[in-house]
Each structure stands twice: as structure tokens, then as C-alpha cells.
1. Which of the trypsin sites (Lys or Arg not before Pro) found in the range A:66-155 are in a DSSP loop and have at most 16 neighbouring Cβ atoms, other than their own, within 10 Å?
2. Within a Cβ distance under 15 Å of A:THR265, other residues only, what is the Lys/Arg minus Asp/Glu net charge?
3. Take the alpha carbon atoms of the range B:1-77, find their center, do the same for the range A:79-95, and report the distance between the two centers in whole angstrom.
4. Residue by residue through the range B:147-152, what is 3J(HN,Hα) from phi via Karplus (6.51 cos²θ - 1.76 cosθ + 1.60, θ = phi - 60°)? Round to whole Hz and write x for glycine and proline.
5. Using the charge dipole of the range A:21-85 (Lys, Arg: +1 at Cβ; Asp, Glu: -1 at Cβ; taken about the Cα centre), state which of A:THR67, A:TYR51, A:VAL39 has its Cα farthest towards the positive end.
6. Work out which GluC sites (Glu not before Pro) in chain A are exposed loop sites (DSSP not H, G, I, E or B, at most 15 other Cβ within 10 Å) and give the longest gap free of them.
7. Springs between alpha-carbon pairs under 10 angstrom, Gaussian network model over chain A: which of A:ASN248, A:ASN121, A:ASN12 fluctuates most?
8. Most mobile of A:GLY77, A:GLY213, A:GLY129 per a Gaussian network model of chain A (Cα springs, under 10 Å)?
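Coordinate-derived values only; no laboratory data. All of these numbers come straight from a predicted model, not from anything done at the bench. Every residue, glycine as well, gets a Cβ built from its backbone with ideal geometry; the counts of neighbours run over all protein chains shown.
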Amino acid sequence: MNAPDTIAPGANPFAETGNIRRKIRNERIAQSIFALMVVCILIPLALILGYLVYQGHSLISWEFLTTNPIGGMRKGGIWSALLGTLWLVGVSLAVAAPIGVFAAVYINEYARDNWFTRIVNLAVVNLAGVPSIVHALFGLGAFVLAAGIGRSILAASLTLAVMTLPVIIASTKEALASVPMQFREACWNVGATRWQTIWRVVLPNSISGILTGVILQVSRAAGETAPIMFTGAVFYRRIAEGDLFAYNITDQCMALSMHLFTVSTQVTGAPEALPYAVALVLLGCVLLVNATAISFRVWLRSHKKW
Amino acid sequence: MSVPKKIEVTDLRTSYGAKEVHHGISFHIEPNEIFAIIGPAQSGKTTLLRAINRTFEFTVGSRMSGTIKVDGEDVKRVKSVYDLRRKIGMVAPLPVGLPLTIYENVAFAPRSSGINDRKFLDAHVEKCLRQSALWDEVKDRLDSLGTKLSGGQQQRLTIARALSHQPEILCLDEFSIAIDPVTTMRIEDVLKELKKEMTIILVTNLVQQARRLAARTMFLWNGEIIELDTNEVMFSDQAKDKRTRDYVNGIFG
């Protein structure tokens with residue numbers, strides 16, 4: 001199959017050889033495999049979304065979103081669960097995002113490379129892999145019992161924050177590390193402090209990566225059930241309709257993920273569309289957050305043109 | 001004591017991990033002179049500059065012994081390392097346009113020292129850009145990104161930034177490798193002017209550039225000073241070391 005070393009007189013020296021045909025075939029095979037994998041991830045995504053919309057759309061309405069569940073959760077809306085999820089995610093984000101981002105800045109920009117930093121890095125990576133049910137137990141022990149906060153939005157949010165922190169730290173570190181070292185050295189050379197360098201050059205160039213990491217964790221926090229079940233979520237609770245501050249931070253709350261579990265397994269005689277509608281709202285919340293973050297990033301880019 | 005030395009290096013040894021870069025070198029640099037350092041790659045020219053402004057210590061596993069004195073003050077014992085670095089303008093071999101506007105690239109250093117007076121900054125930015133022979137090309141687009149300039153323009157922007165904190169010592173690390181010969185000559189003219197105001201350390205691979213500009217030249221090879229003398233000696237047959245004569249005549253290196 002190899003190309004001949006000598007070219008026969010009169011033959012076209014650029015004629016296709018077996019080698020070239022094989023190279024083109026391999027290129028096609030590689031491309032097809034990668035494309036196939038993209039299809040493989042798109043199919044379940046489309047099926048899930050399509051099925052949810054098909055099954056659940058009949059129940060979705062403004063009233064569904066803004067009224068409390070009634071009749072043993074068989075009728076009414078999901079207001080208290082929706083608001084509960086918003087509160088849980090909001091409070092946990094307010095705690096986890098600053099702590100995680102600042103800690104990552106310290107680890108990446110200030111800390112020297114020594115055994116201590118390496119242990120911290122190792123701990124962060126390993127913590128990111130701890131199952132959420134373990135975080136739930138930790139939250140129950142640390143916040144609800146030991147700290148005496150009791151089962152509440154605060155305890156549940158703190159648990160979610162602890163769960164999301166390692167991943168926020170890891171992704172922020174990754175984003176910071178992608179800023180070229182020469183930028184920092186150029187700043188140090190003119191006598192800028194580390195903080196001036198971080199604030200003026202490093203953060204503006206990594207903000208979009210940092211945001212992506214944080215936002216992914218918002219989605220994760222919104223969907224988790226185990227940690228909040230242990231620490232502050234309840235099956236049922238009525239709250240004032242239409243009031244965004246109907247929950248107090250020390251209250252227990254309902255949450256969409258748990259409500260989904262309840263209406264699909266614990267309640268008999270609920271309309272068949274109900275679990276799908278709840279799932280659809282949960283998905284909608286996550287997508288809404290993601291969309292907000294993406295548009296914020298686009299806005300940032302258009303203003304700073306990095 | 002005669003005239004105080006601008007920079008005085010005594011028995012400097014530096015190393016990255018197990019690899020020693022400088023094997024104990026000593027020399028001094030006079031105020032307001034252009035001091036050239038020539039030598040092949042890996043001979044420790046860049047590390048020497050990094051040791052002077054103490055950015056050397058940012059590299060993991062770096063160690064240094066001996067003393068470097070700037071204006072008679074040991075760089076390891078200075079009160080504020082930021083003041084030390086502000087005193088030394090540094091131009092890297094490859095241009096680093098910060099991802100800021102052209103204006104902010106030059107205004108970065110004054111701003112870092114807390115200067116925010118717009119009038120002063122405007123005048124200052126113009127002065128530095130003129131000195132680095134870039135003003136005419138960018139004066140109408142100071143608000144566009146520095147990283148969008150061409151390589152040679154970015155290098156001149158880097159020089160403007162190095163001048164922007166009014167350094168007393170200007171270190172140029174092979175500044176001309178990304179610039180065309182005509183611009184290089186323009187900047188060399190600027191350097192001759194700047195010599196009146198500051199001390200210039202010129203690390204260069206172009207032996208002829210050292211010959212054109214410097215008063216004295218140091219030939220550094222594998223972390224040792226092969227020869228250090230005035231240019232009349234270095235670039236003539238009087239050079240004591242055969243390696244120096246061979247290097248400046250292009251026989252090796």
C-alpha cells in the first residue's frame with residue numbers, strides 16, 4: 001500500500017496513493033464519530049424537554065406559579081415551593097460565591113506553592129466529589145444541631161453553600177490560571193501591588209469564566225433534594241401569595257425539587273400532569289438563571305471588549 | 001569615594017531549583033550610562049534583570065545570594081519593593097500589551113501610584129508615547145485596545161509603559177526583536193536622549209546595537225562575566241579574552 005519510492009516515467013507524481021486515501025478516510029471516520037457523540041447528547045436532551053413540555057404544559061399558567069398548593073397538594077399551584085427554591089438558591093449563592101471566589105483568588109494569586117497550598121488544593125478537589133447526602137448529614141450536624149440554627153432556610157442554604165463551594169473554588173482557580181502570566185509580570189514591573197494587578201487586569205480577564213462556574217453551581221443547588229430535606233425543607237407550607245418576602249430566613253420552606261418528589265411518589269390522586277409541570281418550572285428556573293448569566297457575560301464583553 | 005554607583009552587584013549567585021544561573025558575578029553600573037549586556041541564550045541576562053527589580057523571586061524554587069545595590073541600597077532590604085520596581089522601567093523581549101486601552105496601558109503605572117488627575121495623565125501619556133515614537137500612530141485611537149496593535153507597536157507601547165513611572169533605570173531586554181530596523185533606529189535615538197535623564201541597561205543579541213549605543217559592554221556567558229570593558233576595548237583587538245573577540249566578530253554565538 002505504500003507509495004513507491006521512485007516514480008515511473010510518465011506517471012503523475014501527484015496521483016492519489018493508498019496513503020492519502022487512508023488519511024482522508026481516517027479524517028472522515030474521526031469527524032463522524034465526534035459528530036455522532038454530539039447527536040448522542042442532543043437526543044436525550046430534546047426527549048426530556050419535549051416530554052416534559054408535552055406532559056406538563058396544560059397545567060402551567062400564571063395562577064399555577066403564584067398560588068399555594070391546596071387540597072393535599074392535588075390542586076392549586078406551586079407558589080410556596082417556587083419561592084422556597086428561589087430563597088434557598090439566593091441565600092446559598094450570597095454565601096458561597098464571595099467566599100469561593102475570594103478563596104480561589106488567594107490560592108491562585110497570593111499563596112506560595114508549598115505543601116500547605118497543595119493540601120488545600122487536594123482537599124478542594126476531593127470535597128467537590130463528596131456526595132450531596134454526605135453534605136446533608138454534615139449540614140444537619142453542624143448547622144441545625146451544633147450551631148443551633150434549627151431546621152430553616154438559613155441552615156439549608158448554608159448546607160448548599162458548603163456543597164457548592166469546592167466546585168466554585170476549583171472553577172474560579174481555573175479561570176484565574178487562564179490569564180497569562182506575562183500580564184501579571186508586566187503589572188508588577190511597573191510597581192503595581194498584587195491587588196492592583198488582580199483588580200485591574202486579572203479579574204476583568206477571568207470574570208466570564210468565574211461567572212460560568214458560579215452559575216453552574218446555582219443550577220446544581222436548585223436541583224438538590226437531599227441536603228435541604230435534612231436541614232430545612234418541609235413537605236407542605238402555606239405562605240402569603242404574591243409576596244416575595246413571605247419567607248423569613250429562619251422559617252422552614254418548601255422547595256421545587258422536594259415538591260416534585262412529593263407529588264410524584266407521596267400523593268395519590270394528583271393530576272398526572274402535575275409532576276411534569278413542577279419539573280418544567282424547575283427546569284425553567286435553571287434556564288432563566290443561565291440565560292441571565294449569559295446575557296450578563298455578553299454585556300460585559302461588549303463593554304470591555306476583551 | 002568617587003561618584004556613587006547606580007547599581008552595584010557583588011558576588012551574585014542565582015539558581016532555579018538545582019540549576020545555578022549566575023556563578024558569582026560582580027560588576028557595577030555608573031549613573032547615566034548606557035550599559036550593554038551581550039551574550040548567547042541561557043547565559044543569565046534576563047535573570048539578572050529580574051534579580052535587580054526583584055521579580056525573580058516570583059519564580060518557584062528561585063534562590064539568590066550575594067548583594068545587588070541600587071543607589072547604595074540593598075534590594076533585599078528596601079523599605080518598599082514597589083518603590084524599587086517603580087524606579088526601574090522594564091521592557092520584556094516580547095511585547096506585552098495589557099488588555100486595556102492604549103491610554104490605560106500607559107496610565108496604568110501612574111494610576112497604581114494613586115495619580116488620577118486627568119489633566120496630568122493626559123499630558124503624561126502623550127509624553128511617554130512621544131518618547132517611544134508611537135504617538136503619531138495612535139493619537140487618534142487612544143481608546144482602542146492595546147492588544148490590537150501590531151507587534152512592533154505593542155513593543156513601543158511596552159516601552160511607553162516602562163517610561164510612564166519615570167524610572168531612574170531603564171532595562172531593555174532585547175527590545176528590538178519584534179521591531180523593524182527603522183523603528184529600532186528611532187528608538188535608539190530616543191535612548192540616546194533618555195541617557196541624560198536615566199541609566200539604561202541594554203540587554204541585546206545584536207552586538208552592533210551594543211556597539212552603537214553603549215559606553216561599556218559586558219559579555220555574559222553561562223552565568224559568568226567573560227569580559228567587561230569600555231566599548232573601545234570590547235569591540236577592538238584589545239579585548240583580552242579570545243571568546244569576546246570571536247563573539248563580537250560573529251565567529252561564534
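1. Numbers: sites: A:ARG74, A:LYS75, A:ARG112, A:ARG118, A:ARG151; in loops: A:ARG74, A:ARG112, A:ARG151.
Answer in residue order: A:ARG74, A:ARG112.
2. Numbers: positive: A:ARG74; negative: A:GLU272.
Neighbour charge sum, excluding A:THR265 itself: 0.
3. That distance is 58 Å.
4. 6, 8, 6, 6, x, x
5. So the residue we want is A:VAL39.
6. On the way: sites that count: A:GLU16, A:GLU241, A:GLU272.
The reported range is A:17-240.
7. Its mean-square fluctuation being the largest, the pick is A:ASN12.
8. Of the options given, A:GLY129 has the highest mean-square fluctuation.
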